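The structure under discussion appears below in the form of structure tokens.
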2 protein chains.
Amino acid sequence: MKNFAGTPGTLTALILRLFQCLFAVGSIASMATTKSFFNFTAFSYLIASMGLQVIWSFGLAFLDACALAKKKVLHNPCLLSLFVVGDWVTATLSLAAASSSAGITVLYFNDLGGCGLDKECRKYQLAVGLAFMSWITVWISSLIMFWTLAAG
Amino acid sequence: MKNFAGTPGTLTALILRLFQCLFAVGSIASMATTKSFFNFTAFSYLIASMGLQVIWSFGLAFLDACALAKKKVLHNPCLLSLFVVGDWVTATLSLAAASSSAGITVLYFNDLGGCGLDKECRKYQLAVGLAFMSWITVWISSLIMFWTLAAG
């Protein structure tokens, strides 16, 4: 199994995981501090999805850090399959959550002629933006995992 | 390069492509026959994204059919890379479009207490459902393509 940047147990993988956590936590913080997110199914779903993302990415960051500290290689095909499936599921959920929230944000900003609650609206936008950033980093991780598994 | 079900030039690939076209055309037809889709950015984006999906899937279905008729194998790595990138782009756009439209549909159905325009609403729901079906079939195709390329 090839050992290139981003495969489990490398520094690139750890950095990617930490960025996933960071963006997801930022998105949750921005959304959860608004007063009316619970009125929108999509916004609640965004928080749930980003929560799952944080748990998953933090777990894998921890594994990567352990592997780096012990200089152990994490290339067990069984473990890799688990990582691939988990990454794919979280990436799909993140994209779906970010897109559905973006749909509603665009609806309020553009289609219905501006958003009434000014500060709240900026928070919604920020949460959606950070969710997309989180998705991009998970997507890169999932591509690398899938490639490592397939090229194994 | 391995030749398993779903790789370019096989009957499974052709059937997958035809289903992608069918679902995407259904989604466009359902959305475009509503009276007010152009008031919603997400719904217009759904039509654009599904239009791109139809063009891409139809082109690849045509290629698969030609390869099947001539019993030629389409395993050129350069061609495969193009298919992988195209599939990934269209799959991502389809999921984003379906999710953002689903976000708005759920907003009108659940969060704002039922949808006023009854027949229109069913059409929106149908369009979103078909878009998700189209995404699932493209997603399967893109996974197979990526695996074929990586395992090549």
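Averaged over B:88-101, how many beta carbons belonging to a partner chain fall within 10 Å of each residue's beta carbon? List each step's numbers first, then the result.
Numbers: counts 2, 0, 0, 1, 5, 1, 0, 4, 9, 2, 4, 13, 12, 3.
If you average over the peptide's residues, the count of other-chain Cβ atoms is 4.
Please work out how many pairs of lysine residues in chain B are eight or more positions apart (or on different chains) and have Cα atoms closer than 22 angstrom. Each step should come with its number before you reach the end.
On the way: B:2/B:70; B:2/B:71; B:2/B:72; B:35/B:119; B:35/B:123.
So the count of such lysine pairs works out to 5.
If you check each cysteine of the protein assembly as shown for another cysteine whose beta-carbon is under 4.7 Å away, which ones come up empty?
Cysteines of the protein assembly as shown left without a disulfide-compatible partner: A:21, A:66, A:78, B:21, B:66, B:78.
If you take each beta carbon of peptide A:42-50 and count the beta carbons of other chains within 10 angstrom, what is the mean?
Working: counts 8, 3, 1, 4, 1, 0, 0, 0, 0.
Other-chain Cβ atoms within 10 Å of each residue's Cβ, averaged: 2.
Determine the relative contact order of the stretch B:40-152: mean sequence separation of Cα pairs under 8 Å and six or more apart, normalised by residue count, in whole percent. Don't skip to the end; give the middle numbers.
Working: 68 pairs, mean separation 42.9, N = 113.
Computed value for the stretch B:40-152: 38 percent relative contact order.
Which whole number gives the average, over all residues in B:103-112, of C-beta atoms from other chains lying within 10 Å of the residue C-beta? Write out the running numbers ahead of the final one.
Numbers: counts 18, 7, 2, 7, 10, 1, 1, 2, 8, 2.
Across B:103-112, the average partner-chain Cβ count within 10 Å equals 6.
What is the protein assembly as shown by shape, rounded, prolate or oblate, if you read a ≥ b ≥ c off the alpha carbon gyration tensor as root eigenvalues and call it rounded for a/c under 1.5, prolate for a/b larger than b/c, and oblate otherwise? Let's see the in-between values first.
Values: a/c = 2.83, a/b = 1.12, b/c = 2.53.
Cα axes put the protein assembly as shown in the oblate bin.
Tell me the net charge near residue A:64. Cut-off is 15 Å between Cβ atoms, residue A:64 excluded, with +1 for each Lys or Arg and -1 for each Asp or Glu. Don't skip to the end; give the middle numbers.
Working: positive: A:17, A:70, A:71, A:72; negative: A:87.
Result for the local shell: +3.
For the stretch B:109-152, what % of the accessible area comes from carbon and sulfur atoms, probe 1.4 Å? It would help to have the intermediate numbers written out before the result.
Details: 1440 of 2180 Å².
That share works out to 66 percent.
Could you size up the charge dipole of chain A around its Cα centre, putting +1 on the beta carbon of Lys and Arg and -1 on that of Asp and Glu, and report it in debye to the nearest 20?
Roughly 440 debye, rounded to the nearest 20.
Within the stretch A:30-92, which trypsin sites (Lys or Arg not before Pro) sit in a loop by DSSP and count at most 14 neighbouring Cβ atoms inside 10 Å?
On the way: sites: A:35, A:70, A:71, A:72; in loops: A:35, A:71, A:72.
Passing sites in the stretch A:30-92 are A:35, A:71, A:72.
The values are calculated or read from the model by the stated rules, or taken from the named source; none is laboratory data. Model, not experiment: these values are computed from the prediction. Cβ: placed from backbone, ideal geometry, glycine included. Neighbour counts: every protein chain shown. All accessible areas refer to the heavy atoms of the entire protein, side chains included, with ligands and DNA or RNA removed. Shrake-Rupley method; radii C 1.70, N 1.55, O 1.52, S 1.80 Å.
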